[in-house]
1. Tell me, please, whether a residue that is closer than 30 Å to Glu108 by Cβ and of a type in the set (Phe, Trp, Tyr) can be found in region 185-203.
2. Quick check: anything in region 152-172 part of a helix (DSSP H, G or I) and either touching a residue at least 12 places away in the same chain (Cβ under 8 Å) or open to solvent by less than 80 Å² (accessible area, probe 1.4 Å) (or both)?
3. State which residue pairs qualify: first residue under 10 Å from Ala292 (Cβ atoms) and part of a loop (DSSP other than H, G, I, E, B) and inside region 308-335, second residue open to solvent by 40 Å² or more (accessible area, probe 1.4 Å) and hydrophobic (A, V, I, L, M, F, W, C) in any location, beta carbons under 7 Å apart, and separation of 6 or more residues or different chains.
4. Within region 180-205, take every residue that is aliphatic (A, V, I, L, M) and under 13 Å from Phe237 (Cα atoms) and give me the one that is most open to solvent (accessible area, probe 1.4 Å).
5. Within region 297-307, which residues are assigned to a strand (DSSP E or B), under 16 Å from Gly324 (Cβ atoms), in contact with a helix residue (DSSP H, G or I) (Cβ under 8 Å, 6 or more places away or on another chain) and open to solvent by 10 Å² or more (accessible area, probe 1.4 Å)?
6. Of everything in region 271-296, what is open to solvent by less than 30 Å² (accessible area, probe 1.4 Å) and part of a helix (DSSP H, G or I)? Give them in sequence order.
7. If I filter region 112-126 down to residues being outside any loop (DSSP other than H, G, I, E, B) and open to solvent by 80 Å² or more (accessible area, probe 1.4 Å), which single residue comes out as nearest to Asp171 (Cα to Cα)?
8. Given (1) β-branched (Val, Ile, Thr); (2) modelled with pLDDT of 95 or more; (3) crowded, with 16+ Cβ neighbours inside 10 Å, where does Val236 come up short, assuming only one miss?
Amino acid sequence: MSELTFEQMLEDSLKTIHTGEVVEGTVIDVKPEEIILNIGYKSDGVLTRNEYTNEPNVDLTTIAKPGDTMEVKVLKVNDGEGQVLLTYKRLAADRGNKRIEEAYENKEVLTAKVAQVLDGGLSVVVEEVRIFIPASLVSDTYEKDLNKYAGQEIQFVISEYNPKRRRYIGDRKQLILAEKAEMQKKLFETIKIGDTVEGTVKNVTDFGAFIDLGGCDGLLHISEMSWGRVENPKKVFKVGDVVKVLIKDISGTKIALSLKFEDKNPWRDAANKYAVGTEVTGRVARMTDFGAFIELEPGIDALLHVSQISKEHIDKPSDVLKSGEEVTAKVVDFNEADKKISLSIKAMFAPEPKAEKAEDEDVVSVDIDAVIAEESGDAAE
């Protein structure tokens, strides 16, 4: 019986390996682009950067060091140069596929960093498995620019799992909708008409502003933005502003908001400030053919009828007044119930000595609604 040579005994002590086999190796050398492992075979194994991860430009010296142990998969027993080609990412992908399958079946919420922003959505990697999140499933609202998600960690669920076609679809939208539904439920359980709440301006339009109350948006209509007049909401609010608003009405899931707090209502002490006979100064806010509306303070306008602007006859207010002009007049009528005030410049002048008229005969109290209706009727004819 012949004796075995040392080389034969050494070779017999080494294990045999096969393509596709999972083996454990010990790191004996690391370079930025490859890791060399002793896998107990007659040749060392080589793990390149491309077979370690799908992430670009990873420096492998930051991943492993000599002495570390790793599980890898045999990609090719002999690469033509006597080396064994190994892969880590494919082993991880195999295990990742199982992980994704379990998450899909259990509707588990996954967390991963956005690896790439694509034209049609986002790409994330979970245990070396690439998952695509279409733009339509990134948010519950249209996202014009997805670049803001680059490098961010996001949560999602797997909505489609097809390993044969390597098709894995993620969905972030349904998580957002579910969270908002829960927040909305809690919001409507706690709020009621008359409450003052804090919200954030989400959008501003020509007719009002939408305020995010945390779970539901409320509408702050332009007519409810101030006791005074607001010409353009976009000059008053901008997206991101934090405001305290009054809940004026709740109808289903629709919430009407207001900034007309009662303690700021200018009509609360108007009866004293604008009693009949009081001289007041205001600004011409707008004009019609029948008179000029004078803003005495934000939220209180008074009518200066065309017949009360001057002692002389004038055809229309714009003949002697202009918008923004400051005028002084006397209050000749105060109707708190209808919130109407009538002014007169003529009443400020002493009556002519020759005129024998009853007191207040020269003072005109005007029914604003009637005048407007009359003007509208004439225009229609």
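1. There is at least one residue in region 185-203 that is closer than 30 Å to Glu108 by Cβ and of a type in the set (Phe, Trp, Tyr).
2. The answer is no; no qualifying residue exists.
3. Ile309/Val320; Leu321/Met287; Ser323/Met287
4. Ranking the candidates gives Val204 first.
5. Glu297
6. Within region 271-296, no residue meets the criteria.
7. Residue satisfying both the conditions and the ranking: Lys113.
8. Result: Val236 fails condition (2) only.
The values are calculated or read from the model by the stated rules, or taken from the named source; none is laboratory data. Being a predicted model, the structure only gives us computed values, none of them experimental. So basically every Cβ, Gly included, is an ideal-geometry build from the backbone, and we count neighbours across all protein chains shown. Quick note on the areas: whole protein, heavy atoms, side chains included, nothing else; ligands and nucleic acids left out. Shrake-Rupley method; radii C 1.70, N 1.55, O 1.52, S 1.80 Å.
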